[in-house]
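Working notes for the structure below.
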Amino acid sequence: MALTGRTALIAALGSLPVGILAPSWAGVLAVNAPLSLAILCDYVMAAPVRTLQFTRSGDTTVRLGDGAEVQLTVTNPSRRRLRARIRDAWPPSSWLPGTQQDASRQKLNVPAGEHRRITTSLRPTRRGDRQAARVTVRSYGPLGLAARQGSHTVPWTVRVLPPFTSRKHLPSRLARLRELDGRTSVLTRGEGTEFDSLREYVPGDDTRSIDWRATARQTTVAVRTWRPERDRHILIVLDTGRTSAGRVGDVPRLDAAMDAALLLTALASRAGDRVDVLAYDRRLRAQVQGRSAGDVLPAVVNALAPIEPELVETDARGLAATALARAPRRSLLVLLTSLDAAPIDEGLLPVLPQLTQRHTVLVASVADPHTDRMAASRGTIDAVYEAAAATQAQAQRHRTADQLRRYDVTVVDATPENLAPALADAYLALKAAGRL
């Protein structure tokens, strides 16, 4: 049973004259006995909450930053009208700060034997799965003095997908891809290219590109043209260890790496290449493999949505073994990890020769723009010390990147806003150079 504010107000107003005019237990009892009887009657006349039936419907996925709506249908099988307040509880990260109380509580009036539907509007602030908690119902009697209260478990899950903010860079990179195909079709054959078409010979063309059989069948000299080879295999590996948990600005490094992985997946699938994705720290956290060009991007978005960083050191040997097992033939291996000296020196460098021997390796890392601002600060003693520390950190990252380049590894080190387009540009450069 739950008592309302109206009950407390009536009790206070009734006891006030008794306390002033004739303070006694008999006077208090004379006022509160009828009120207690009214409360009991009101409680009995309230619709029961245990027999209520609930079903859910609505959105099951939403992109981070967008809104979702989940409908809750309440069926009242009893013979009494349901006058209730309902709290549809979700995790705090399902709403913007300060809006949870208003969004989760609603009034409801359901006649006997009927049902009503209420809508809960969600706007998640974190990526991952958001599961509905309990539905709490407070059923009031007709006098509004007492209420029955109970909770029900009505499961529902809304998966919050990565925002994919870098998709705004996709049209420009696709235009560069089309330009790349058109430009390289006039080049001579080389590693990483395949036959494109025949065209008429133009003075200045390499005579080794003349197709003599085609020339014999027509009156003009025909030459072969080439384009970057398609149907290449790209394996994107996200390091989900402790270094990916560090926050750069408002988001973890892992979220920036996911955004870059999504842009590369969309671009490479449009280019006719096959894309697989792994997430790994000490175990395989997520995997997307063998999907078609039209299905790979939604599959990657859905697989990466619930992944959170693990506060453990990444097992570099296990990561390398898993990558080699998933890519038995020569591929472009894109490793999204940190350029911190210790994880690279002790983890990645010992296994790097195994990877570069079989694959073309590209390492992409999220840089902290605050370090650049610290390095440029001057004016006070604290600012000078901060600048010295930032300069030392930058020099260390440059040395680590140079170590990787000595193994013929392409390194991309950019801020969260620039990592995705920089990684896409590096992919296009490797494709143009015929290194895929």
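The values are calculated or read from the model by the stated rules, or taken from the named source; none is laboratory data. The structure displayed is predicted, hence computed values, not measured ones. Cβ atoms come from the backbone with ideal geometry, glycine included; neighbour counts cover every protein chain shown. Remember, those area values only see protein heavy atoms, side chains included, never the ligands or the DNA or RNA. Shrake-Rupley method; radii C 1.70, N 1.55, O 1.52, S 1.80 Å.
So which residues in region 73-93 are of a type in the set (D, E, K, R) and open to solvent by less than 40 Å² (accessible area, probe 1.4 Å)?
Correct list: 88 only.
Of all strands (runs of 3 or more DSSP E) completely enclosed by region 33-106, which ones contain at least 2 residues that are under 28 Å from the mean Cα position of the chain (by Cα) and farther than 14 Å from residue 138 by Cβ?
53-58, 61-63, 68-75
Can you find even one residue in region 293-312 that is more than 26 Å from residue 243 (Cβ to Cβ), touching a residue at least 40 places away in the same chain (Cβ under 8 Å) and not hydrophobic (A, V, I, L, M, F, W, C)?
The answer is no; no qualifying residue exists.
I'd like the full set of residues that are farther than 30 Å from residue 252 by Cα and surrounded by 17 or more Cβ atoms within 10 Å (Cβ to Cβ), limited to region 94-142.
108, 110, 135, 136, 137, 138, 139, 140, 141
Kindly evaluate residue 402 against the criterion of being open to solvent by 30 Å² or more (accessible area, probe 1.4 Å) and either of a type in the set (Gly, Ala, Ser) or under 25 Å from residue 259 (Cβ atoms) (or both).
When the stated conditions are applied, residue 402 does not pass them.
If residue 290 meets every condition in (1) under 24 Å from residue 426 (Cα atoms); (2) assigned to a loop (DSSP other than H, G, I, E, B); (3) at pLDDT 80 or above; (4) touching an Asp or Glu at 6+ places or on another chain (Cβ under 7 Å) apart from one, which number is that one?
Failed condition: (4).
Which residue out of 296, 223, 277, 251 is at pLDDT below 95, under 16 Å from the mean Cα position of the chain (by Cα) and not small (Gly, Ala, Ser)? Can you show your working first?
On the way: 296 fails: at pLDDT below 95; 223 fails: under 16 Å from the mean Cα position of the chain (by Cα); 277 fails: at pLDDT below 95.
The conditions single out 251.
Has region 336-354 got any residue that is in contact (Cβ under 8 Å) with a residue 40 or more places away in the chain and either part of a strand (DSSP E or B) or more than 15 Å from residue 404 (Cα to Cα) (or both)?
Checked against the condition, which is being in contact (Cβ under 8 Å) with a residue 40 or more places away in the chain and either part of a strand (DSSP E or B) or more than 15 Å from residue 404 (Cα to Cα) (or both), region 336-354 yields at least one hit.
Check region 306-319 and report whether any residue there is part of a helix (DSSP H, G or I) and over 12 Å from residue 237 (Cβ atoms).
yes
Can you report the number of residues in region 355-366 which are open to solvent by 20 Å² or more (accessible area, probe 1.4 Å) and in contact (Cβ under 8 Å) with a residue 24 or more places away in the chain?
Total meeting the criteria: 2.
For the subset of region 204-220 comprising residues that are under 53 Å from the mean Cα position of the chain (by Cα) and among the hydroxyl-bearing types (Ser, Thr, Tyr), which member is most open to solvent (accessible area, probe 1.4 Å)?
The selected residue is 207.
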